Amino acid sequence: MLARLLLVALSVLAGTTSRTAHAAESDQPNVVMIISDDQAWTDYGFMGHPTIKTPHLDKLSSESATFINGYVPTSLCRPSLATLISGQYPHQHRITGNDPPKGTDRREMLRHIRAMPKLPVLLGEAGYVSHQSGKWWEGNFSEGGFTAGMTHGDPAKRGRHGDEGLKIGRDGLDQVWEFLDGTQGKPFFLWYAPFLPHQPHNPPERLLTKYDSPDRPVELAKYYAMCEWFDETCGALLDGLERRGMHENTLVVYVTDNGWIQKTPETDLPPDWKNPFAPKSKRSPYDGGVRTPIMLRWPGKITPARCETLVSSVDLAPTILHACGLTPPAEMPGQNLLEVAASGGKTNRDIVFGEIFEHDEPDIDDPTAGLLFRWCRHGNFKLVAPMAAAADPELYDLGSDPHEMHDIGREHPEKVAELLSRLDEWWTPGLDDAP
């Protein structure tokens, strides 16, 4: 009898321990990172666009701490995505361009993703499972530490920037549903980076019809429709979380990898301009390339608000780690946006920084080799500092000139000097002791 009572007692204790462990595990939030691809900061209903309809992202904004002055440090997809996964500036993680020098096997570029801190790895050490879908430049999804994913990264199969992963969104969300339904109660990190509204701009006809107009170039109508198509997929993802009862304990993070201004036949362009996007957008240091709304939704944990505070995508990795009860590595320079949101947008940081590099990396290991610009925003002042010796720095007042049309650097030389000094304090090219 005594032995039987002891077994019962041990069974009860084991059950209590199991339930306690499950309760502790359930306290860890799930994390969903939604990453738009080639979309300007202006091109949402909640950001005031007069034509583009984004009802699902508008709803997400109303439920989030929405930072309308968010930035990515660089306006090219591969280095920008590497910042999201690592919490580091491109000159730190050393992924600065999309492609290697001519004649170099792109697999040589993978040494940097292997060396940098990675969110899926850090979260995995705390019991998280993770899934990659959409844009992913760094070979197989496992190179990023994801436990599951879509991108195989095989160069022999034309793997470059996502291969099979690029089907997500455009071809439905089946792989995401399969992952979510297989998490078995474990906390998860979901990377949702659909190839939207990125080219090819081939929206469903039902959406193109909404934007097609005799007074609107068809190129612009297609881009507008792509933005709404992307919004629809975000709505499907968020609805899927709610149907599965995952809504309440999930931190949703939203950001764009870089901006885009659609080129049309009427666009005023330099004679030799060959890109499908207009100047001062993708690959540029201007707000059309580097500015993005950043949203954080966590029901019951984050109070919805619209914040004008300057924030950066380098803040997202440390913010996610803090939300999951983890301490970010010292080499992540960003701040915890949970604290910024809780304080009503107050922060000790008064400036954000960035850097622009060549599309093809001249040197895989030296970030200074392809550096074209450094830039910073302090208050409403935006400084763009070219690396070319003969080019003067440019200064803009974004309060009165949000699209950076009027350089006022000659009128404010003291401000130019101040911000150049701040840039050098942040990072002086050629020095290895990067912040």
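Is it fair to say T151 is among the hydroxyl-bearing types (S, T, Y), crowded, with 21+ Cβ neighbours inside 10 Å and assigned by TED's automatic domain parsing to the domain that holds E228? Against the criterion (among the hydroxyl-bearing types (S, T, Y), crowded, with 21+ Cβ neighbours inside 10 Å and assigned by TED's automatic domain parsing to the domain that holds E228), T151 qualifies.
The residue list L251, L238, L207, L220 contains one member that is at pLDDT 95 or above and in contact with a Cys (Cβ under 9 Å, 6 or more places away or on another chain), which is L251. The listed residues are F189, F195, and the only one of them that is within 23 Å of S86 (Cβ to Cβ) and in contact with a strand residue (DSSP E or B) (Cβ under 6 Å, 6 or more places away or on another chain) turns out to be F189.
Summed over region 363-400, residues that are more than 17 Å from D424 (Cα to Cα) and touching a Leu at 6+ places or on another chain (Cβ under 6 Å) total 1.
Taken as a whole, region 151-162 holds no residue that is outside any loop (DSSP other than H, G, I, E, B) and modelled with pLDDT of 95 or more.
Inspection of region 235-251 finds a residue satisfying the criterion of being hydroxyl-bearing (S, T, Y), more than 22 Å from S284 (Cα to Cα), in contact with a Pro (Cβ under 7 Å, 6 or more places away or on another chain) and crowded, with 17+ Cβ neighbours inside 10 Å. Here V72 does not fit the description of being at pLDDT 95 or above and in contact with a Gly (Cβ under 6 Å, 6 or more places away or on another chain). Of all the residues in region 160-212, those that are loosely packed, with under 13 Cβ neighbours inside 10 Å and either of a type in the set (G, A, S) or out of contact with any helix residue (DSSP H, G or I) (no Cβ under 8 Å at 6 or more places or on another chain) (or both) number 12.
The C-beta contact set for region 406-423 (first residue within 12 Å of K382 (Cα to Cα), second residue among the polar types (S, T, N, Q) and at pLDDT 95 or above, distance under 9 angstrom, 6+ apart or interchain) comprises H406/S400. For region 51-62, the criterion of being more than 23 Å from I320 (Cβ to Cβ), in contact with a helix residue (DSSP H, G or I) (Cβ under 7 Å, 6 or more places away or on another chain) and modelled with pLDDT under 95 is satisfied by no residue at all. Pairs linking a residue in region 103-123 that is of a type outside the set (A, V, I, L, M, F, W, C) to a residue that is assigned to a helix (DSSP H, G or I) and exposed (fewer than 15 other Cβ atoms within 10 Å of the Cβ), with Cβ atoms under 8 Å and 6 or more positions apart or on different chains, are D105/P155; R106/P155; R107/P155.
Checking each residue in region 258-292 for being touching a Phe, Trp or Tyr at 6+ places or on another chain (Cβ under 6 Å) and more than 17 Å from P200 (Cα to Cα) picks out K280, S281, P285, V290, R291, T292.
The values are calculated or read from the model by the stated rules, or taken from the named source; none is laboratory data. Everything numeric here is computed off the predicted structure, so don't read it as measured data. For neighbour counting, all protein chains shown are included, and Cβ atoms are generated from backbone atoms with ideal geometry for every residue, glycine included.
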